[in-house]
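As structure tokens, the structure follows; a few thoughts come after it.
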Amino acid sequence: MRITKKLLSIIAIILISTTLTAQDAWKLTANKIDASNYFGITVANGMVGVVSAPEPFKVKDVVLAGAYDLYGRGRVSNFLKSFNLLNMYVEVDGTRINSTNISQFNQTLDMQHAAFTSSFNYGDKAIITYTYYALRQLPYTVLMDVTINAKKDCNINAASVMEAPDALKDVQNYYNEIDRPHVVISLLTSAAKSPTGKLLMCASNTFLFTEQHGMEPRVIHEMWDNNMHLMKFNKKLKAGETYHFSIAGSTITSAHHDDPLNEAERATIFAKLEGRDRLIALHNRAWQDLWKSNITIKGDDQAQQDVHSMMYHLYSFVREGSSFSPSPMGLSGLGYNGHVFWDTELWMYPALLVLNPTLAKSMVEYRFERLEAAKRNAFSKGYKGAMFPWESAASGVEETPVWALSGPFENHITACVGIAAWNYYCVTQDKDWLKEKGYSILKETANFWLSRVEKNDKGQYEIKNVVAADEWAENVDNNAFTNAAAITNLKYATEAAKVLGIAANADWATVANNIPILKFDDGVTKEHATYKGEGIKQADVNLLAYPLKYITDVTSIKKDLAFYETRIPNEGTPAMTQAIFALLYARLGNGSKSYQWFQEAYMPNLNPPFRVIAETKGGTNPYFATGAGGILQAVLMGYGGLDITSKGIVQIKSTLPPHWKSIEMTNIGIDKKTYTVTQP
């Protein structure tokens, strides 16, 4: 096994640190904010993502799921930044607060409550704390809650600033006051068109004060220019006085609602009248329900914190009851244009499926709603059935830039979608869903493979000219993962037909039984027809053991691991492969080796100050949810021994890292079971 000296040093330091200093299982805290080495962390509710910034009262980005337009990279649809709802400023006695005139600046992400808090001292005049939330119970609404503790008599001037992102055009700014007997609602609202004019993006926010109506500060509106306006208020504070106020805001586009301008204001008014206390209480209740599905690790405080962070991000990036699916970077920025890849089905989805099937359902729903687009995609390439695009956005058409060959050739995505549909049925045992939606996906993806294979003179059905799961292998024949995934897809379609009492297409089984999986002379699985042992970008052959379960023989699994774990370069490869190695070694009974790969899967990719996982070592992208999903599978399906079968979730034999005392997985699957593994 290739474990570098650098990695061994990292592991040693981690093991020492976790025994000397207990990490908080639920909180990620930055006590020293260095703007030059700062990677923001995201607060999200599956629809709106808010990314932190190193400057007081600022947020870096606001990202809205499902908001795409044609601009920027690759002449394809791209994620749009939304209006920055929570940027504001505070002045104390006429001096504006910034990072240069404050002290003891701390930031903390409370993962248990999905709340991001900043606090600091402003000289001898005030201690200020603010917390913001992407409210879980309200898909389009965020909240900023501010507390000012006055050390001396002082005058506070606070402003909420609404600024349009550069990509938007034809910005329109509005200000309105709605006066009711018990409340005044000041609405700061903006609307703009997306770059092509396809979408109307709107946002609105308001102040929430603690004073009684008639005693609230007077709110003043200022128009700066077409792209920016603000509302502000003044408040005189006495020494020792504590003052609270909040900002609630909503953002929505015409992709989500037929009347986004009015709906943004309605949603903001709704939040205003719910009130600060009720908004936070309902948000906390929603997250409490999510965290009923939890992973508890005894014996490794740092792993516990990191696993909570991974779970938190996946929970944050997916919205129950929607038909949106997360991109590799979730709602943490514009990475990969916000497109949906196999990262969803193969890497993020399985962990969410066992932890929270309701969340995972939205990811399958995303594909079902775009099944017709996948059928049109197959037709355009001369195939039958449904061919899902390598990169998908709003409509489900192919969104891969033309210079990337993955679009027409990385066909294994279609099998990944079919397998995901079957796994949803396996976990939920929902035959009605399988009949109404799941079987359509399975049938059409299976029919794609019937038209995609080519029969040779040996009676085998080859799959030629693909981009492998190892994307450094372009335009190769009989790629191991593609072929095995197609076999699995075809077999699951046959099995689904049997469950429903439908006559399966007999060709599905015939083809599945005759697609070749190539081998070297020594029995090692060969990645593709012309593979000669070169380095690989990411897992391919080893995926045949898990998740496909195509290779089940222990000797073969070990042989493939020993070969391919030496083909992973040290740098420049995505944080996915090592998680599969960790999972397989845990199932094989080698806890020590598994843990080494578990650490290498993400530790070298962490960025300060919140341990944000980058895609690669030294990478600077936003949070890599794909990697988090793979590592969670290593924990759940590797150390935890969970396995998805046609009869539901079962637990198989597994092995913990040597220093882990136990792992407990609660509220798993539809039966909400608890599974444990303890050190012998």
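The values are calculated or read from the model by the stated rules, or taken from the named source; none is laboratory data. Just so we're clear, the structure is a prediction, and the values are computed from it rather than from any experiment. Using ideal geometry, Cβ is built from the backbone for each residue, glycine included, and neighbour counts are taken over all protein chains shown.
Data overview
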read-out	value
Residue pairs meeting the criteria (Cβ under 7 Å; at least 6 apart or on separate chains; first farther than 17 Å from Asp61 by Cα, in segment 312-335; second of a type in the set (D, E, K, R) and surrounded by fewer than 24 Cβ atoms within 10 Å (Cβ to Cβ))	Ser323/Glu365; Ser323/Glu369
Which listed residue, of Ser190, Ser254, is within 20 Å of Leu138 (Cα to Cα) and over 26 Å from the mean Cα position of the chain (by Cα)	Ser190
Segment 483-513 - residue that is free of Cβ contacts under 8 Å to residues at least 40 places away in the same chain and farther than 16 Å from Thr445 by Cβ and, of those, nearest to the chain's Cα centre (by Cα)	Lys498
Residues within segment 85-139 that are among the aromatic types (Phe, Trp, Tyr), closer than 22 Å to Asp153 by Cα and buried (at least 20 other Cβ atoms within 10 Å of the Cβ), tallied	3
Of residues in segment 374-396 being surrounded by 19 or more Cβ atoms within 10 Å (Cβ to Cβ) and free of Cβ contacts under 8 Å to residues at least 40 places away in the same chain, the one farthest from Trp422 (Cα to Cα)	Asn377
Matching option when the condition is in a loop (DSSP other than H, G, I, E, B) and modelled with pLDDT of 95 or more, among Phe39, Phe105	Phe39
Matching residues in segment 64-79 - criterion: being out of contact with any Asp or Glu (no Cβ under 6 Å at 6 or more places or on another chain) and in a strand (DSSP E or B)	Leu64, Ala65, Gly66, Ala67, Tyr68, Asp69, Leu70, Asn78, Phe79
Number of positions in segment 577-620 that are in contact with a strand residue (DSSP E or B) (Cβ under 9 Å, 6 or more places away or on another chain), of a type in the set (A, V, I, L, M) and in contact (Cβ under 8 Å) with a residue 24 or more places away in the chain	3
Filter result for Gln288 (in contact with an Asp or Glu (Cβ under 9 Å, 6 or more places away or on another chain) and either outside the structural domain of Val184 (by TED's automatic domain parsing) or within 26 Å of Ala114 (Cα to Cα) (or both))	no
Members of segment 427-439 found to be more than 16 Å from Leu490 (Cα to Cα) and assigned to a helix (DSSP H, G or I), listed by number	Val427, Thr428, Lys431, Asp432, Trp433, Lys435, Glu436, Lys437
Hits in segment 358-373 - residues which are without any contact (Cβ under 8 Å) to a residue 40 or more places away in the chain and not in a loop (DSSP other than H, G, I, E, B)	Thr358, Glu372, Ala373
Failed criterion for Ala150 (all others in (1) buried (at least 16 other Cβ atoms within 10 Å of the Cβ); (2) closer than 25 Å to Leu282 by Cα hold)	(2)
Which listed residue is at pLDDT below 95 and touching a helix residue (DSSP H, G or I) at 6+ places or on another chain (Cβ under 9 Å), from Thr616, Thr645	Thr616
Strands (runs of 3 or more DSSP E) contained in segment 155-238 and holding at least 1 residues crowded, with 17+ Cβ neighbours inside 10 Å and in the same structural domain as Leu279 (by TED's automatic domain parsing)	169-180, 183-193, 200-209, 228-237
Criterion (touching a Leu at 6+ places or on another chain (Cβ under 9 Å) and part of a loop (DSSP other than H, G, I, E, B)) met by exactly one of Gly385, Gly333, Gly321	Gly385
Long-range neighbours under 6 Å by Cβ, at least six apart or interchain, first residue modelled with pLDDT of 95 or more within segment 137-155, second hydrophobic (A, V, I, L, M, F, W, C) and part of a loop (DSSP other than H, G, I, E, B)	Pro139/Met47; Thr141/Leu135; Val142/Leu85; Leu143/Leu135; Met144/Leu86; Ala150/Ala239; Lys152/Ala239; Asp153/Ala239
Only listed residue being touching a Lys or Arg at 6+ places or on another chain (Cβ under 6 Å) and basic (Lys, Arg), chosen from Lys235, Lys169	Lys169
Segments classed as helices (runs of 4 or more DSSP H), wholly inside segment 538-613, with at least 1 members that are among the hydrophobic types (A, V, I, L, M, F, W, C) and over 25 Å from the mean Cα position of the chain (by Cα)	554-564, 577-588
Given (1) in contact with a helix residue (DSSP H, G or I) (Cβ under 6 Å, 6 or more places away or on another chain); (2) within 20 Å of Ala582 (Cα to Cα); (3) in a loop (DSSP other than H, G, I, E, B), index of the condition Tyr623 fails	(2)
Residue among Leu632, Leu636, Leu656 that alone is over 30 Å from Phe105 (Cβ atoms) and part of a loop (DSSP other than H, G, I, E, B)	Leu656
Any pair with Cβ under 8 angstrom, 6 or more apart, that starts in segment 217-242 at a residue that is under 19 Å from Ile128 (Cβ atoms) and without any contact (Cβ under 8 Å) to a residue 40 or more places away in the chain and ends at one that is part of a strand (DSSP E or B) and polar (S, T, N, Q)	Pro217/Asn234
Residue list for segment 280-301, filter: in a helix (DSSP H, G or I), out of contact with any Leu (no Cβ under 9 Å at 6 or more places or on another chain) and not small (Gly, Ala, Ser)	Asn284, Arg285, Trp287, Gln288, Asp289, Asp301
Condition check for Tyr546: modelled with pLDDT of 95 or more and outside the structural domain of Tyr461 (by TED's automatic domain parsing)	no
Segment 315-336: number of residues that are among the polar types (S, T, N, Q), buried (at least 24 other Cβ atoms within 10 Å of the Cβ) and either modelled with pLDDT under 95 or more than 18 Å from Ala114 (Cα to Cα) (or both)	2
Thr296 hydroxyl-bearing (Ser, Thr, Tyr) and either crowded, with 19+ Cβ neighbours inside 10 Å or assigned by TED's automatic domain parsing to the domain that holds Ile128 (or both)	no
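Matching residues to (1) touching a Leu at 6+ places or on another chain (Cβ under 9 Å); (2) buried (at least 20 other Cβ atoms within 10 Å of the Cβ):
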site	(1), (2)
Val427	yes, yes
Ser440	yes, no
Asn447	no, yes
Glu462	no, no
Ala469	yes, yes
Ile487	yes, yes
Leu490	yes, yes
Ala496	yes, yes
